[in-house]
Amino acid sequence: MSNGKKKSKKKLFIFGGLGLLLLVVILLVAFGGSKEEIFQVNTEPVTKRNITQVVSATGKINPEFLVKLTAEATGEIVQLLVREGDKVRKGQLLLRIKPDIYEAQKVSAEARLAQTRANLNSTKALLDKVEADYKRVQELFKLGLASDAELEASKSSYLQTNSNFESQKSIVAQSDAALKEAIENLNKTYVYAPINGTVSILNVELSERVIGSVFQGTQLLTVADLTNMEATVDVDENDVVLVSVGDTAKIKVDAFGEKEFKGIVTQIGNSAKTTGLGTQDQVVNFEVKIKLLNPGDQIRPGMSCDADIETETKTNVLAVPIQSVTARLPEAKKETTETNSDEGNEAPKVKNGKNNKPKEVVFIVNEGVAKMVEVKTGISDDSYSEIIEGIKGNEEVITGPYRAISKDLEDGSKLSVISKRKDDKKAN
C-alpha cells in the first residue's frame, strides 16, 4: 500500500513539473512574441557642405595633334632619315622615295612644253603675216583695187590662222599644267614633317617598296605632338547631358598609379557610339575629349585612363550621406466600398492613384523612434547628396545599416543608436 502511494506521488511530481514547464514556455512565447523589435542604427547630423557632382568615364590618352603620313608616290624608299621616337621639326625631310620615274616624267613634260611653245611662236608669226595681208586687202577693197573674192579669201585665211593660234595656246597651257603635275609628283617622293612633334609610329623600312595613292597609299609613319595630350573617354548617354565644354576634370593614367592630371573638356561628341546593338548588353556612349594641362613628357599615346569630370559645384548646401536616401512606394490608401447587399459587410477598396510612384525619403531619429521624411535631392558626389527640400538641418539622419534603411525601417520604428558620427564640417 505504501509503495502505491509513493508511485502516485512520484507521478504527480512528474506531471506537475511538466505542466509547469509547459506553462512557462507558453508565457515566454506569448510575451516574447509581442515584444516590439528595436533596430540598431548608425546616425550622422545633417550639416551644410560643398558638393561637386562628378561624371566618371574611361578611355585612352591620345595626342591632340597627330598626322598620319601615307605614300603619294610609288617606288622604293631610298632614304629613311628618322627612327621611331625621334623628335622632328616642321618641314624636316623624313624619307625619300626613288624619284627616277618621276624625274623622267618631268623631263618629258618640259620637252613637250618647249615644243608647244615653239609651235605657238611659229603660229604667232604666221598669224601676224596673215593679219597684215588681210588688212592690206581691206584697204585695197575700199579703193576698188581688190575683188570680193580676194577679200573673202584673205579673211578666211586670217580666221583659220587665228583659230590655230588659239588652239596652240591651249596646247601650251596643257603642257604647262602637265609639267607642274610632273614636278608635283616628283616632289611627292620627298616626305617632310607636317608639324613639330615625335615620330610615334614608323611603318616602313629602308629599301621597302611603297604604293602611292591620294586616298589609300601605303602608311609610312605617324608624327604626333606629345607636348599636347588629351584623354578621349566614353561617357554614358545619361551622363553626357551633364557635361559641358570647359568643365574641369581629374585624370588618372593606369601607368602612373594614383597620380592625378588636371584637364579641361574641349569637345563633346554629337554622334553616339553604340556597342552590343540589339542585345541586353547594349551600351550607348558619347566621345568626350579632355585636354591635359600639364601632361609632362612620360605620357604615351594609347595609355588607358580614368577621368572624373566635375560638372557642377554647390557650396554650403544641406547634405546627407548617399546611403541615407532611399526610395519607398507611398502607402496604398484604403476607401470603404458600398455595403454588399448579400452579406451586409463592407469590404475595403484600395485606391489606385495615377501618381503611385516611388518617393525619395530619409529616416531621422526623433525621440528614440524613426521618422520617415520625404525629401527632394539635388546633385551628388561620391559620398553625399544635396537635400533641396524636406529637412532644415541639424537633424540626426540614419546612415546604416543599408538593409534597415532600404527595407526594414518604417515610420515609428524603435531605435537603438550604436554609432553616432560627428560632424567634421569639411568641404568635399
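Residue check: is THR326 assigned by TED's automatic domain parsing to the domain that holds LYS250, at pLDDT below 95 and among the β-branched types (Val, Ile, Thr)?
On the way: assigned by TED's automatic domain parsing to the domain that holds LYS250: no; at pLDDT below 95: yes; among the β-branched types (Val, Ile, Thr): yes.
No.
Test LYS333 against the criterion of being touching a Lys or Arg at 6+ places or on another chain (Cβ under 8 Å), on the phi < 0 side of the Ramachandran plot and modelled with pLDDT under 95, and give yes or no. Yes.
Of the residues LEU127, LEU145, LEU120, LEU113, only one is touching a helix residue (DSSP H, G or I) at 6+ places or on another chain (Cβ under 9 Å) and surrounded by fewer than 16 Cβ atoms within 10 Å (Cβ to Cβ); which? On inspection, the qualifying residue turns out to be LEU145. The residues of the stretch 55-71 that are over 13 Å from the mean Cα position of the chain (by Cα) and buried (at least 20 other Cβ atoms within 10 Å of the Cβ), listed by number, are PRO63, LEU69, ALA71.
Consider PHE39 carefully, then state whether it is farther than 30 Å from VAL397 by Cβ, of a type in the set (Phe, Trp, Tyr) and surrounded by 15 or more Cβ atoms within 10 Å (Cβ to Cβ). When the stated conditions are applied, PHE39 does not pass them.
Restricting to the stretch 210-221, name every residue that is in a strand (DSSP E or B) and either at pLDDT below 95 or surrounded by fewer than 17 Cβ atoms within 10 Å (Cβ to Cβ) (or both).
Here is the first cut: in the stretch 210-221, the residues in a strand (DSSP E or B) are 210, 219-221.
If the condition is that a residue be in a strand (DSSP E or B) and either at pLDDT below 95 or surrounded by fewer than 17 Cβ atoms within 10 Å (Cβ to Cβ) (or both), then GLN219 is the only one that fits.
Return the pairs, sorted by first residue and then second, in which the second residue is acidic (Asp, Glu), the first residue lies in the stretch 153-179 and is modelled with pLDDT under 95, the beta carbons are less than 7 Å apart, and the residues are 6+ apart or on different chains. Between residues of the stretch 153-179 that are modelled with pLDDT under 95 and residues that are acidic (Asp, Glu), the close pairs are SER154/ASP133; TYR158/GLU131. Among the residues examined, ILE251 does not qualify as at pLDDT 95 or above, under 23 Å from THR52 (Cβ atoms) and surrounded by fewer than 17 Cβ atoms within 10 Å (Cβ to Cβ). Limited to the stretch 285-311, what total is found for residues that are in a strand (DSSP E or B) and surrounded by 15 or more Cβ atoms within 10 Å (Cβ to Cβ)? So the answer is 15.
Looking at THR198, THR227, THR189, which is the one that is at pLDDT 95 or above and hydroxyl-bearing (Ser, Thr, Tyr)? If you could, list the steps in order and put the result at the bottom.
On the way: THR198 fails: at pLDDT 95 or above; THR227 fails: at pLDDT 95 or above.
So the residue among THR198, THR227, THR189 that is at pLDDT 95 or above and hydroxyl-bearing (Ser, Thr, Tyr) is THR189.
Look at (1) acidic (Asp, Glu); (2) in contact with a strand residue (DSSP E or B) (Cβ under 8 Å, 6 or more places away or on another chain); (3) closer than 29 Å to GLU110 by Cα and you find that ASP236 fails only one, number (3). Within the stretch 36-45, not a single residue is assigned to a helix (DSSP H, G or I), over 30 Å from GLN298 (Cβ atoms) and either polar (S, T, N, Q) or modelled with pLDDT of 95 or more (or both).
When you look at VAL204, is it touching a strand residue (DSSP E or B) at 6+ places or on another chain (Cβ under 8 Å) and under 25 Å from LEU66 (Cα atoms), yes or no? Steps first, please.
Details: touching a strand residue (DSSP E or B) at 6+ places or on another chain (Cβ under 8 Å): yes; under 25 Å from LEU66 (Cα atoms): yes.
In short, yes.
Scanning the stretch 353-364 turns up at least one residue that is at pLDDT 90 or above, more than 33 Å from the chain's Cα centre (by Cα), farther than 30 Å from VAL243 by Cα and not aromatic (Phe, Trp, Tyr). Report whether or not GLU139 is within 30 Å of GLU76 (Cα to Cα), loosely packed, with under 15 Cβ neighbours inside 10 Å and either free of Cβ contacts under 8 Å to residues at least 24 places away in the same chain or out of contact with any His (no Cβ under 8 Å at 6 or more places or on another chain) (or both). No; evaluated as a whole, the condition is false for this residue.
Among the residues of the stretch 186-209, are any under 30 Å from ASP308 (Cβ atoms), surrounded by 15 or more Cβ atoms within 10 Å (Cβ to Cβ) and of a type in the set (Ser, Thr, Tyr)? Yes; the residues of the stretch 186-209 include at least one that is under 30 Å from ASP308 (Cβ atoms), surrounded by 15 or more Cβ atoms within 10 Å (Cβ to Cβ) and of a type in the set (Ser, Thr, Tyr).
The values are calculated or read from the model by the stated rules, or taken from the named source; none is laboratory data. Note that the coordinates shown come from a computational prediction; the quantities given were computed from them, not determined experimentally. Positions of Cβ are generated from backbone atoms using ideal geometry, with glycine treated the same way; all protein chains shown enter the neighbour counts.
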